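Report on the structure given below.
Bear in mind these aren't lab numbers, they're just calculated from the coordinates by the rules spelled out. Keep in mind the model is a prediction, meaning the values are calculated, not measured. Neighbour counts run over all protein chains shown; Cβ positions are idealised from the backbone, glycine included.
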Amino acid sequence: MEWFVRTFVKASLAWLAVGVTLGVAMAAHPPWVVYRPAHLHANVLGFVAMMIFGVAYHVIPRFSGHPLHSPTLARAHVWLANAGLLAMVGGFALVAQGRRAGTLLLAAGGLASALGAYAFAYNLWRTIDGPARLREAARRAAAARQASGVTGRAPLPQAGASAPPAAASAPLPRG
Ligand code: HEM
Ligand code: HEM
């Protein structure tokens with residue numbers, strides 16, 4: 001498991017602990033409901049989104065059969081997402097206390113979180129498409145297959161059989 005996968009999954013679990021603790025605190029002490037935005041973003045951006053980031057960085061390259069486009073960008077995303085959310089949660093808390101500095105912190109954290117999200121979207125988009133050289137090789141292989149008239153894979157020889165069955169050696173139907 002790559003560092004950014006493990007870190008996102010563990011960060012998600014840590015943010016879940018922060019989020020539910022804030023939730024229980026609000027439930028037990030209703031005046032603290034002013035911290036609702038901090039609670040909900042710790043849960044949705046921290047727990048839910050970071051679990052998705054970690055699992056997606058692990059699974060999408062395997063589902064698509066292509067290496068992750070940029071592991072460096074994924075590592076940067078870990079820092080943008082976590083520092084960004086920390087600033088957002090702090091910013092929401094300060095805003096709830098009527099402190100002006102909270103707005104600045106919230107804006108900075110929101111920007112970092114958003115940049116991380118754009119990096120995630122770009123990185124996985126490019127991963128799904130695959131490296132340009134693989135796309136070009138696949139295109140050329142398909143063109144060569146078409147030019148040679150071979151439309152299906154030849155059957156593997158059967159153990160102990162002198163010749164493959166006639167039906168198995170027939171070319172696959174086109175289309
Ligand atoms: C032990 C677990 C949790 C407790 C005790 C808890 C408690 C609360 C409380 C007291 C509120 C404020 C309700 C109000 O405005 O009067 C709230 C809001 C909210 N919580 Fe939680 N929560 C928990 C877990 C979660 C989780 C896991 C998520 C998301 C994955 C979540 C998402 C939200 C959202 C989105 C709101 C805002 C709803 C709105 O704006 O109407 N909470 N929660
Ligand atoms: C860069 C990421 C994000 C930023 C900067 C951001 C910022 C904000 C801000 C400033 C508010 C207004 C809070 C207030 O009422 O004072 C808000 C509300 C809200 N956000 Fe986000 N958000 C982000 C991502 C998300 C995501 C990913 C989700 C859900 C998956 C989400 C769910 C909500 C909800 C449900 C509310 C309404 C809260 C309420 O009225 O109680 N946000 N967000």
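I'd like to compare 68-76, 53-61: which one has the highest average count of other Cβ atoms within 10 Å, and what's the full order after that?
With the highest mean Cβ count within 10 Å placed first, the list reads 53-61, 68-76.
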Report, in degrees rounded to the nearest 10, the 0 to 90 angle that the Cα long axis of helix 3-28 makes with the longest principal axis of the chain.
40
Taking 8 Å as the Cα distance limit and 6 or more residues as the minimum spacing, I'd like the relative contact order of segment 3-70 as a percentage.
44
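Which semi-axes, in whole Å and largest first, does the equivalent ellipsoid of the chain have when worked out from the alpha carbon gyration tensor as the square roots of 5 times its eigenvalues?
Details: eigenvalues 556, 66, 28 Å².
The answer is 53, 18, 12 Å, longest axis first.
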Dipole magnitude of segment 3-132 about its Cα centre, charges +1 at Lys/Arg Cβ and -1 at Asp/Glu Cβ only, in debye to the nearest 20?
140
Note down the relative contact order for the chain as a percent, whole number, built from C-alpha pairs under 8 angstrom at least six residues apart.
20
In deg cm²/dmol and to the nearest 500, what is the mean residue ellipticity at 222 nm of the chain if only DSSP H runs of at least 4 residues count, each as -39500 (n - 2.57), divided by the residue total?
-23500 deg cm²/dmol
Can you tell me which of 134-141, 122-129 comes out highest on packing, and rank the rest after it, using the mean Cβ neighbours within 10 Å?
122-129, 134-141
